[in-house]
Amino acid sequence: MKNKNYYAILMAGGVGSRFWPISTQDFPKQFHDMLGTGDTLIQKTFNRLAKLIPEENIFILTNERYNDLVFEQLPSVTKRQVVLEPAMRNTAPCILYASLKIQKENADAVMIVAPSDHWIEDENAFSQNVEQAFSYCSDNDALMTLGITPTFPNTGYGYIEYDKDVSSNIKSVDQFREKPDYETAKSFLNRGNFLWNAGIFMWSVKTVVSAFQENQPQLFELFEKGINVYNTEFENDFIRDHYKKAANISVDYAIMEKSTNVYVIPATFDWNDLGTWGSLYDKLDKDRANNAVVNAKMLTEDASGNMIRTKAHKLVVVDGLKDYIIVDKDEVLLIFPKEKEQDIKKVLKNVKDKFGEHYG
């Protein structure tokens, strides 16, 4: 039997603009089968969480424009489980809102907040790490996160610095560090007590609500006003009127960086945030020339290191290209150097400015 006090908040509101043209504002990456496995990213995440957490206790937190997509892809969930944001306000407001709803339903709840678009290799190891965190958070006043042991000096992730004198695998966090430059990232790895910040959090509902009350009193007061209507037919009206007044702030800034009761478990599973075409390329199988292909039929000559994605069974012939992203989707064909993948956001803005929102 799964523990009835275990809950999850599955974060599924992002746009994923660095995966354009597949990921768009109307149909973002979490609702696509990015890996070519037969399941979309949100389906894979839901199924991973459901190994440990009762399905009815998994809440999907998303923007109201994706409501229909959630029910299409997760037909077993009920209206109660889908928490809709009427405006984009970063992660702190929506996590506080969902936490207050869960606390009203079950004051003994412990929960995980997990992005819907991450790749995790060993799902049993993931469940073991989460269960250890839940056990600790049930007995202690703790805000906890999972950190990823760095494999190279990545400048695209934030880092978590932990107390190296702690022998237990539950480490107290000294501080969070912003995305570093390359030399700083190298120094982090050399020091040996830094982890990548994966944005996966665990805590009891009591602890997280108290953390918001202490560190974000205005935000707490805004959402606490609705406590009488949460989980009732009047909730939507309250949220529609009040949500837009919330500060645009991440949960990291709002409570994690301000609290002293923060702990991290170094994860025992392989992880990738699937934030860019390059990160997807890293996780896909390659042909002999190191081309990663999703859906397409390929004929290559002097082509290597490319990330290629099309509709199913489309024939693609590539000659003389090395280390490119090639993505074909409906009215858009992207052919772009992998080394410039961080510029895809800028390209998308230019496309929208020149050709209109239809393409983004």
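The values are calculated or read from the model by the stated rules, or taken from the named source; none is laboratory data. As the structure is a prediction and not an experimental result, all values here were calculated from the model. Glycine also receives a Cβ, built like all others from the backbone with ideal geometry; neighbour counts cover every protein chain displayed. Accessible surface areas use protein heavy atoms only, side chains included; no ligands, DNA or RNA. Shrake-Rupley method; radii C 1.70, N 1.55, O 1.52, S 1.80 Å.
Would you be able to tell me the number of residues in region 300-332 that are among the hydrophobic types (A, V, I, L, M, F, W, C), open to solvent by 60 Å² or more (accessible area, probe 1.4 Å) and modelled with pLDDT of 95 or more?
Of the residues in that region, 2 qualify.
VAL208 - would you say it is of a type in the set (A, V, I, L, M), under 30 Å from VAL70 (Cα atoms), outside any loop (DSSP other than H, G, I, E, B) and open to solvent by less than 40 Å² (accessible area, probe 1.4 Å)?
yes
Would you mind listing the strands (runs of 3 or more DSSP E) fully within region 263-360 where at least 1 residues are farther than 21 Å from MET34 by Cα?
297-301, 315-319
Per-residue answers, yes or no, for (1) of a type in the set (Val, Ile, Thr); (2) more than 21 Å from VAL294 (Cα to Cα):
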residue	(1), (2)
ASP33	no, no
GLY36	no, no
PRO75	no, yes
ARG80	no, yes
ASN90	no, yes
ILE102	yes, yes
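Any residue at all in region 215-232 that's closer than 30 Å to SER167 by Cβ and part of a helix (DSSP H, G or I)?
Checked against the condition, which is being closer than 30 Å to SER167 by Cβ and part of a helix (DSSP H, G or I), region 215-232 yields at least one hit.
Kindly indicate the residue of region 224-256 that is among the β-branched types (Val, Ile, Thr) and surrounded by 14 or more Cβ atoms within 10 Å (Cβ to Cβ) and also farthest from PRO86 (Cα to Cα) among those meeting that condition.
Per the stated criteria, the residue is ILE255.
Looking at this structure, is ALA198 surrounded by 13 or more Cβ atoms within 10 Å (Cβ to Cβ), within 21 Å of MET144 (Cα to Cα) and of a type in the set (A, V, I, L, M, F, W, C)?
It is true that ALA198 is surrounded by 13 or more Cβ atoms within 10 Å (Cβ to Cβ), within 21 Å of MET144 (Cα to Cα) and of a type in the set (A, V, I, L, M, F, W, C).
Please work out which residue is nearest to TYR162 (Cα to Cα), limiting yourself to region 257-297 and to residues that are surrounded by 15 or more Cβ atoms within 10 Å (Cβ to Cβ) and of a type in the set (S, T, N, Q).
ASN261
Among all residue pairs at least 6 apart or on different chains, which show Cβ distances below 7 Å where the first residue, located in region 1-19, is open to solvent by 20 Å² or more (accessible area, probe 1.4 Å) and the second is part of a strand (DSSP E or B)?
ASN5/VAL110; TYR6/VAL110; MET11/LEU61; MET11/VAL113; MET11/ALA114; MET11/PRO115
Which strands (runs of 3 or more DSSP E) does region 79-195 wholly contain that include 2 or more residues that are more than 20 Å from the chain's Cα centre (by Cα), in contact (Cβ under 8 Å) with a residue 24 or more places away in the chain and more than 26 Å from LEU284 (Cα to Cα)?
Fully inside region 79-195 and qualifying: 159-162, 171-177.
Give me the residue from region 100-136 that is open to solvent by 20 Å² or more (accessible area, probe 1.4 Å) and of a type in the set (A, V, I, L, M, F, W, C) and, out of that set, nearest to PHE269 (Cα to Cα).
Per the stated criteria, the residue is TRP119.
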